[in-house]
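Handing you a structure now.
Any read-out appearing in this document is the output of simple, stated calculations on the displayed coordinates, not a laboratory observation. Only a predicted model underlies this, so the values are computations on that prediction, with no experimental measurement involved. With ideal geometry, Cβ positions are generated from the backbone for all residues, glycine too; neighbour counts draw on all protein chains shown.
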Amino acid sequence: MTNERTYSYLGPAGTFTEAALAQVPEAQGQRWKPVANVAQALADVTDGTSDGAILAIENTVDGGVSSVQDALAKTHGVRIVGEYLVPVSFVLVAPRGTTLEQVVDIAAHPVAYAQCLAWLGENIPGHSHVVAGSNVASAIGVLDGSLPAQAAIAAPGVPKHYDVDVLAEGIGDNANAVTRFIFVTRAVAPPAPTGSDKTSLIVELPREVPGALLEMLEQFATRGINLSLIQSRPIGDRLGRYRFVIDADGHIDDERMADALMGLKRFSPNVQFLGSYPRADRERVHAEPRYSDASFAAAREWLRDLRSP
């Protein structure tokens with residue numbers, strides 16, 4: 001019998017997602033399972049095929065990854081237990097012997113393509129974009145002929161795994177681009193607070209009326225909680241209905257965060273707690289004295305004394 005664990009990632013080998021999984025301590029020396037899409041990665045976790053999955057959730061250039069946000073909203077029984085940052089750069093690759101002058105059609109994942117537009121406009125102004133499923137699938141598609149393109153935008157790790165020529169390196173428009181990845185497992189108790197934590201939620205507004213969004217935001221503002229991300233996504237049942245993907249600074253064990261979550265639950269018909277976990281940047285979360293755990297405890301003690309003179 002083996003105690004080997006399995007972790008799913010968007011494959012095949014050579015993707016940025018694989019690079020993120022390489023940072024997860026518990027995944028080292030275990031089985032890494034490449035999957036074709038986000039839905040499969042999450043399904044692996046919920047049905048027990050995998051012990052965890054790594055997913056791209058946000059990029060400094062394009063913002064939130066909507067496909068992952070939407071998949072999380074439709075998946076129950078999972079928790080985010082960690083996050084990891086991967087610097088993002090891109091290379092242009094092609095089958096052996098191809099020259100840059102021969103490139104007319106370029107295979108690329110849409111997110112990667114959007115991050116290379118300036119370089120492409122300057123160096124291959126007449127090109128057309130052929131959509132690929134990942135930053136590795138683009139190269140594979142060009143090599144096996146399944147994608148009608150002469151070159152591919154790919155992750156820097158691709159030339160280590162596939163027989164390609166590198167036509168150009170560092171073609172991304174932003175040298176400081178970073179992608180944030182989340183590590184997801186089945187629902188478990190959150191990791192212990194570290195003082196440098198983040199809480200992720202998905203919240204629906206109770207009704208479409210003036211001030212509803214403000215009321216939701218006040219649940220955080222009145223408790224001194226900073227939001228590092230808030231993004232709207234359509235619920236999909238009818239036009240004008242949205243859910244909000246939120247990253248809030250702090251941990252569910254913090255008094256102010258617990259109080260805000262209770263306020264949200266009273267306010268919203270659907271609050272999905274995705275997890276409280278350590279921040280990848282390890283930046284400390286500071287609360288003003290009136291929002292400290294001690295201030296909440298003192299307020300409860302004061303109220304208790306009023307009720308029992």
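Taking K and R as +1 and D and E as -1, what net charge do the other residues with C-beta under 9 Å from the C-beta of Glu26 add up to?
My count for the surroundings of Glu26 gives 0.
Whole-Hz Karplus ³J(HN,Hα) for the range 241-255, in order, using 6.51 cos²θ - 1.76 cosθ + 1.60 and θ = phi - 60°, x for Gly and Pro?
9, 10, 10, 10, 8, 10, 10, 10, 6, x, 10, 4, 7, 5, 4
Over the range 1-42, what relative contact order in percent results from Cα pairs under 8 Å that are six or more residues apart?
51
Under 8 Å for C-alpha pairs, at least 6 residues apart: give me the relative contact order for the chain, rounded to a whole percent.
Here the relative contact order equals 20 percent.
Would you work out the charge dipole size for the chain about its Cα centre, treating the Cβ of every Lys and Arg as +1 and the Cβ of every Asp and Glu as -1, and quote it to the nearest 20 debye?
Charge dipole of the chain: 880 debye, to the nearest 20.
Continuing with this model, one more query. Classify the range 91-169 as rounded, prolate or oblate, taking a ≥ b ≥ c as the square roots of the eigenvalues of its Cα gyration tensor: rounded when a/c is under 1.5, otherwise prolate if a/b is larger than b/c and oblate if not.
Here the range 91-169 falls in the rounded category.
Further question: Work through the residues other than Ser308 whose Cβ is under 13 Å from its Cβ and net out their charges, Lys, Arg +1 and Asp, Glu -1.
Around Ser308, the charge tally is +1.
Would you compute the Debye intensity of the chain from its alpha-carbon atoms alone, equal scatterers and no solvent, and pass along log10 I(q)/I(0) at q = 0.12, 0.13, 0.15 Å⁻¹ to two decimals?
So the normalised log intensities are -0.87, -0.98, -1.18.
Here's another thing I want to ask about it. Excluding residues fewer than 8 places away in the same chain, name every one of the lysines whose C-alpha is closer than 23 Å to that of Lys160.
Result set, ordered by chain and number: Lys33.
Return one number: the angle in degrees, 0 to 90 and rounded to the nearest 10, between the long axis of the Cα atoms of helix 212-221 and the longest principal axis of the Cα atoms of the chain.
Roughly 80 degrees between the two axes.
With a/c under 1.5 counting as rounded, go ahead and sort the range 253-304 into rounded, prolate or oblate using the C-alpha gyration tensor (a ≥ b ≥ c being the square roots of the eigenvalues; past the cut-off, prolate if a/b is larger than b/c, else oblate).
oblate
With unit charges on the beta carbons (Lys and Arg positive, Asp and Glu negative) and the dipole taken about the Cα centre of the chain, which residue among Asn59, Val245, Phe16 sits farthest to the positive side?
Going by the Cα projections, it comes out as Val245.
Hey, can you rank 143-155, 187-199 by average C-beta count inside 10 Å, highest first?
Peptide ranking by packing, descending: 143-155, 187-199.
Let a ≥ b ≥ c be the square roots of the eigenvalues of the Cα gyration tensor of the range 190-309; is it rounded (a/c under 1.5), or, if not, prolate (a/b larger than b/c) or oblate?
Oblate is the answer for the range 190-309, as a/c is 1.5 or above yet b/c matches or exceeds a/b.
Cβ neighbours within 10 Å, averaged per peptide: list 106-116, 76-86 in order, most packed at the top.
106-116, 76-86
Provide the net charge surrounding Arg279, with neighbours chosen by a C-beta distance below 11 Å and charges set as Lys +1, Arg +1, Asp -1, Glu -1.
Once positives and negatives cancel, what remains is -2.
Here's something else I'd like to know. Between the range 295-309 and the range 53-120, what is the separation of their alpha carbon centroids in Å?
If we compute the Cα centre of each part, the gap is 51 Å.
Could you tell me the relative contact order of the range 1-147? Use alpha-carbon pairs under 8 Å, at least six residues apart, and round to a whole percent.
Value for the range 1-147: 23 percent.
So, R0 is 51 Å and r is the distance between the beta-carbons of Asn3 and Met262; what FRET efficiency does that work out to, to 0.05?
Rounded to the nearest 0.05, the efficiency is 0.80.
Still on this structure, please answer the following. Long-range amide H contacts for Asn270: which residues qualify at under 5 Å (H placed 1.01 Å from N, peptide plane, sequence gap of 5 or more or a different chain)?
HN-HN under 5 Å from Asn270: Glu204.
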